[in-house]
Amino acid sequence: MKRVSVIMPTCKREVPYIKRAVESLQNQTYENLEIIIIDDSPKDYDKRHDIKEYIESLKDDRITYIQNEVNLGGALARNVGIFKATGDYITFLDDDDMYKSEKVSKQVKFMEENDFDLIFSNMEIKNSKGAVIDVRDYHDIWSFENSELLKYHIMRHATGTPTYMFKAEKLKEIGGFDQAIMGQEFYLMLKAIENGFKIGYLDEYDVVVFRHKGEAISTGKNKIKGEKILQEKKKKYFHLLTKEQIRFINMRHFAVLAVASKRNKKYLSFIGYSLISFTKAPIACIVEAFKFMKTVIINRITLKKGKKKES
């Protein structure tokens, strides 16, 4: 049985969050796991000792706990784990999220049956009360040829760090994550595609991501700055795309800026970016909004039915 290394960075979290994530790893049906936890909290963070004490209390020899001397940020903290890892495969989990029990087993089976270098799958996104508020899936990918997957990725982002599973040697070969204020997973997938990785998609929802109130990299001011940098990167690939695809990317760009502005309570910017987004590709804008609402409603109904059957 091949070894799987799970890399979990943590920064300024409290034990209950870590506990949920770690327990979801301990409950995996796949046995040959290596769990590498990288504590990227500042040295003066008052809960750092509590985290260390909790990890030590587990007495789980599969867990390696590393405290960074200085705060590196999520991307470089993950790289510490990547180059410490001894597994044949590498996957990731954030400190406030969780895996369902068969996540690793399903992914390893899929990797081995198809000899993939990298796979990704779906995510459920829940709020702090446990209600599904969004999902991420990739049913609309039209081709897994790298040249076509590149176009899809530039348009829609084939991302979701906790869903990635890499052959360890291939991930180390491309140097792991690049440092960026946001979108590290986008850049990582881009490197994988451009380096000719054999990439597959496993249509399973075995990762649960929790969205919390308050500012985070994915919702805060860095989102706006990072999104603008990302858009400039995408423009270098526009010559590969149709005019319709470029309009879609521009629509999506301003929609992201609108959402980030709203979360930062910049309501005038929210209105402005929303209007620009609509004018870039009106039909696509309406279709995407409808698809989002439909997906969330369907998944909430499905989960409620599942809970009733369990009870």
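The values are calculated or read from the model by the stated rules, or taken from the named source; none is laboratory data. Remember, it's a predicted structure, so these values are computed and weren't measured experimentally. Don't worry about glycine lacking a Cβ; one is built from the backbone with ideal geometry, like all the others, and counts go over all protein chains shown. Heads up: the accessible areas ignore ligands, DNA and RNA and are worked out on the full protein's heavy atoms, side chains in. Shrake-Rupley method; radii C 1.70, N 1.55, O 1.52, S 1.80 Å.
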Exercise for review: Tell me which of these residue 179 doesn't satisfy, since it passes every other one: (1) farther than 19 Å from residue 94 by Cα; (2) surrounded by fewer than 16 Cβ atoms within 10 Å (Cβ to Cβ).
Suggested key: (1)
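Looking at this structure, is residue 43 surrounded by fewer than 19 Cβ atoms within 10 Å (Cβ to Cβ) and at positive phi?
Values: surrounded by fewer than 19 Cβ atoms within 10 Å (Cβ to Cβ): yes; at positive phi: no.
Taking the combined requirement at face value, the residue does not satisfy it.
Condition check ((1) more than 30 Å from residue 242 (Cβ to Cβ); (2) in contact with a Pro (Cβ under 9 Å, 6 or more places away or on another chain); (3) β-branched (Val, Ile, Thr); (4) open to solvent by 50 Å² or more (accessible area, probe 1.4 Å)) across all residues:
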position	(1), (2), (3), (4)
55	yes, no, yes, no
63	yes, no, yes, no
84	yes, no, no, yes
90	yes, no, yes, no
117	no, no, no, no
138	no, no, no, no
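Using the structure shown, decide if residue 66 is modelled with pLDDT of 95 or more and in contact with a helix residue (DSSP H, G or I) (Cβ under 9 Å, 6 or more places away or on another chain). Even if it seems obvious, please write down each step before you answer.
Numbers: modelled with pLDDT of 95 or more: yes; in contact with a helix residue (DSSP H, G or I) (Cβ under 9 Å, 6 or more places away or on another chain): yes.
Spelling it out, residue 66 is indeed modelled with pLDDT of 95 or more and in contact with a helix residue (DSSP H, G or I) (Cβ under 9 Å, 6 or more places away or on another chain).
Using the structure shown, decide if residue 201 is hydroxyl-bearing (Ser, Thr, Tyr) and open to solvent by less than 20 Å² (accessible area, probe 1.4 Å).
Working: hydroxyl-bearing (Ser, Thr, Tyr): yes; open to solvent by less than 20 Å² (accessible area, probe 1.4 Å): no.
No; evaluated as a whole, the condition is false for this residue.
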Point to revise | helices (runs of 4 or more DSSP H) (entirely within the range 223-311) containing at least 2 residues that are modelled with pLDDT of 85 or more, open to solvent by less than 50 Å² (accessible area, probe 1.4 Å) and touching a Lys or Arg at 6+ places or on another chain (Cβ under 6 Å) | key: 243-263
Practice item. Pairs only if they're at least six apart or on different chains, beta carbon under 7 angstrom, first in the range 151-173 and over 22 Å from residue 97 (Cβ atoms) and of a type in the set (Ser, Thr, Tyr), second outside any helix (DSSP H, G or I) and open to solvent by less than 40 Å² (accessible area, probe 1.4 Å); list them, first residue then second. Key: 152/141; 152/158
Review point. Can you tell which of 51, 35 is free of Cβ contacts under 8 Å to residues at least 60 places away in the same chain and part of a strand (DSSP E or B)?
Key: 35
Check your understanding: Does the range 67-80 contain at least one residue that is without any contact (Cβ under 8 Å) to a residue 12 or more places away in the chain, outside any loop (DSSP other than H, G, I, E, B), open to solvent by 20 Å² or more (accessible area, probe 1.4 Å) and among the small types (Gly, Ala, Ser)?
Key -> no
Practice item. Among the residues of the range 1-27, write down those that are assigned to a loop (DSSP other than H, G, I, E, B) and within 18 Å of residue 59 (Cβ to Cβ). Key: 27
